[in-house]
Amino acid sequence: MRNWSFLTWTRPKVAVIQDALSGQIWETTSASSSRRLLRRGDGAQSLSPSCRNFPRAHRNKENSVSNRQIAKLTAPLLFSFSRCLSRQVASSQRAGSNNTLLREEFWSKPLGSEQVDEIEFTRVKGRQLRKEDPGWQEVKSIGSICTVLQKWRWTEETEKILASMNLKLTTYLVYEVLKRQRDADVAFSFFEWAKTQPGYKHHTAVYTRMVMIAGASKKYEAVQLLVNEMEAEGCERNLAFYNALVEFFSQAQMLSEALRTVDTIKASGWEPTFFTYKCIIHSALKLGNLRIGAQMFMEMMQSGFMPDNTTINMLIDAFAKTGQLRRAYNVFREMVDRGCSPDVYTYTIVIRSLGQRGHPNSALKMFRDMVAAGVRPTSFTYHSLIHAFGKQGKVDEAVKLVNEMVAKGYQPEIVTYNILIDAYGKAGDWDGAMELFERAKGMADAVTYNSIMDRAVKKGDVRAASKLFEQMGAKGCIANRVTYGILVRGLTKAGKVDEACKLYEEMKRLDLTPDATIYNNLIDCLGKRRNVDSTLKLFQEMKDQGVRPDMCTYNTLVNRLCKAGQIQTASKIAEEMAEAGCIPGRVTYNCLINSLGKARKIDVACKLFLEMQRKGVKPDVVTYTCLIDGFFTAEKVDSALYMFQEMKKIGCQPNVVTYNVLIDHLVRQDRLPAALNFWQEMKEKGLTPDEITETILGRIPSRNGRSGSQQNENGSEEGDS
């Protein structure tokens, strides 16, 4: 009796769905068919462009370097900025986006509605300003301007209304208005209008805010103009401005420019702030530059800043994903030793990574440490741990964890069933997988069907997989690319080419672009039928669909063409392969050399043999065996025997196939003593003759009517045969 106490669960309103094949985690609700990809635990949170009171930040900082010196220091930075900007502008234009609305995370204080509550702007430090208080009119004007801009956006009417308000612009007023604009175009229009007003001149804080707005809305050219205008106006640059540039470069994925800005900050007599380091680290890790990310992380701590949990989680995750588990764990221990408490996401990242790398027991220990530290695991944490054991087919441990999860008050989700079904399949318990599948049918999704179909195909039961596919459609569960890929693989493996091709056509009708694996299976299956035209047509369709052929595609195609006798076409495919960036390897060369040898084109085969060595591809036993067979076929016996000796000289040991080729050709040429000598040598090397060897030896004539193999087994007449 299986210990499945979790089967008493009720179906939750919100389900987290994990694709057992792709590993992606999705969230869906019972009230809606919409799904969104979860990023919990990956630390990839968006950076907030908010400056946190930029006008007041560092404005009393004493500059140890004059403005003229700073301008000289920033000249290389601005030159590099100009040089790299065109790349970002071109990228933005290719994207074709003209949406200037800023993302929600841009706001340090998002507004609750589209209408601005003017009372909100008259509250300072928790108290209501009175009309007679200093600054009341300025704060009141901020609310009035924001209301006008939100209602009218920027038109001629907007300018008339603002002119009629008799505003006295100040740096604080302009900054606060810009801070509250959700539309970058409106912000830029107000910025341009403000600088034309008498008695007002833009301050560094305003330029800083505009750089932030331009960067967040991907107006890269505008950032260049703002920097140039600020320089022309002789506006002082402070640390807040440089931090805004660091953030802009980080968001624009211009890491080298962001690092140069940090160097400028240091050369100007300032020290990078927590915000500076955080921007650089996040940018580097998102770009996959782990070396820079880790380097800036260490510099950040040496400067006395303790990274926040999001930054630490990102670094641990980056180390873990590149297989550097020890370094990931060292960062984790450093975090704990410095008094920073890991959160559930930190623990989950480590647990997930240990499980993915095949260390379920270590993952379980980390899980117990997390619970002991008072950190409550999430269902995602449990699923990561369950999947760690299920991945290795340790079903009993996985089921125990599921039961423990239920006892702790967590409701079951379809992802739980999916993980366990996959675990039973990996353990070879088909009955257990099917029983769970039958119980989960009420809430089964595409992932559930994919998992059970994949197991059916792997055990060679393509009929069961086809029935599941039909059930899936009958229940209204939409098949995806993975579903079709599994079934195509099963059908081609079973030699059911026509059915596999029908599925391929169905995918095209549903606008589901097949991936490289599906094309590879179909090309291989059609190639086995020697249907060259259909095979080449499918290969062309693959490229037309934008699916890039991989090494497996080219090798499969070359192999099937060679076996169909289309050596010239196969050679052209090999040339195209190299041009496409897929460098032909040993498998490709072996196919071509084997086919050329059988076609008695041994000279061309020898040229390929030399070419592969010249390009750094080392010949193996298959290569030499193909050449030996080719020399024999071309009736160049001495060359074949010489190649055999050369093969042994370089340390490439012949196998049973090599000896079979030698013995077979020597027997065909009536060189019986030499053939029996090679057979004896094969036995002395400890190689076990196979059925082909026995068949070859059975053709050796003898004076007493017995075969050559029988004579040698009896130890007689070996030398006289």
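The numbers here are math on the coordinates, done by the rules we state, and not lab data. Note that this is a predicted model, so its numbers are computed, not measured. All Cβ positions, glycine included, derive from the backbone under ideal geometry; neighbour counts span all protein chains shown.
Here the stretch 215-296 is treated as a Stokes sphere of Kirkwood radius computed over C-alpha pairs; at 10 °C and 1.306 mPa s its diffusion coefficient rounds to 121 µm²/s.
Derived scalar couplings between HN and Hα for the stretch 434-440 equal 5, 5, 5, 4, 4, 6, 8 Hz in order, rounded to whole Hz, by the Karplus curve 6.51 cos²θ - 1.76 cosθ + 1.60 (θ = phi - 60°), x for Gly and Pro. Distance between the pseudo-spin-label points of Met298 and Lys441 (7 Å out from Cα toward the beta carbon): 5.9 nm.
Sorting Cys279, Cys606, Cys340 from the fewest to the most surrounding beta carbons within 10 angstrom yields Cys340, Cys606, Cys279. In terms of its C-alpha gyration tensor, the stretch 313-377 comes out oblate, because a/c is 1.5 or above while a/b does not outweigh b/c. Neighbours of Tyr347, meaning other residues whose beta-carbon lies under 11 angstrom from its beta-carbon, give a summed charge of +1 when Lys and Arg score +1 and Asp and Glu score -1. Over the stretch 615-667, the ratio between the Cα radius of gyration and 2.2 N^0.38 Å evaluates to 1.07. Structure shown: which of Lys195/Lys266; Lys528/Lys618; Lys365/Lys394; Lys618/Lys648 lie over 23 Å apart, alpha-carbon to alpha-carbon? Correct reply: Lys195/Lys266; Lys528/Lys618. Karplus-based coupling profile of the stretch 590-597, in residue order and whole Hz: 4, 4, 5, 5, 4, 5, 5, x, with θ = phi - 60° in 6.51 cos²θ - 1.76 cosθ + 1.60 and x standing for Gly or Pro. Taking amide H positions as modeled 1.01 Å from N, with prolines and chain starts lacking one, no residue 5 or more places away or on another chain lies under 5 Å from Asn480.
Beyond 27 Å in Cα-Cα separation lie the following of the pairs Lys321/Lys391; Lys493/Lys537; Lys458/Lys615: Lys458/Lys615. Potential lengthening of the chain between Glu271 and Gln392 amounts to 38.6 nm, from the contour at 0.36 nm per residue minus the alpha-carbon distance. Distance between the C-alpha centres of the stretch 638-672 and the stretch 355-379: 58 Å, rounded to the whole angstrom. If the segment from Asp185 to Val532 were pulled out straight at 0.36 nm per residue, it would be longer than the present Cα-Cα gap by 119.1 nm.
Taking a ≥ b ≥ c as the square roots of the eigenvalues of the Cα gyration tensor, the stretch 595-690 is classed as oblate, since a/c reaches at least 1.5 and a/b does not exceed b/c. Going by neighbour counts of Cβ atoms within 10 Å, the residues Met212, Met301, Met434 line up, fewest first, as Met301, Met434, Met212. Going from the residue with the fewest nearby Cβ atoms within 10 Å to the one with the most, Thr261, Thr556 rank Thr556, Thr261. Principal axis extents of the Cα atoms in the stretch 469-594, from largest to smallest and rounded to whole angstrom, are 52, 27, 22.
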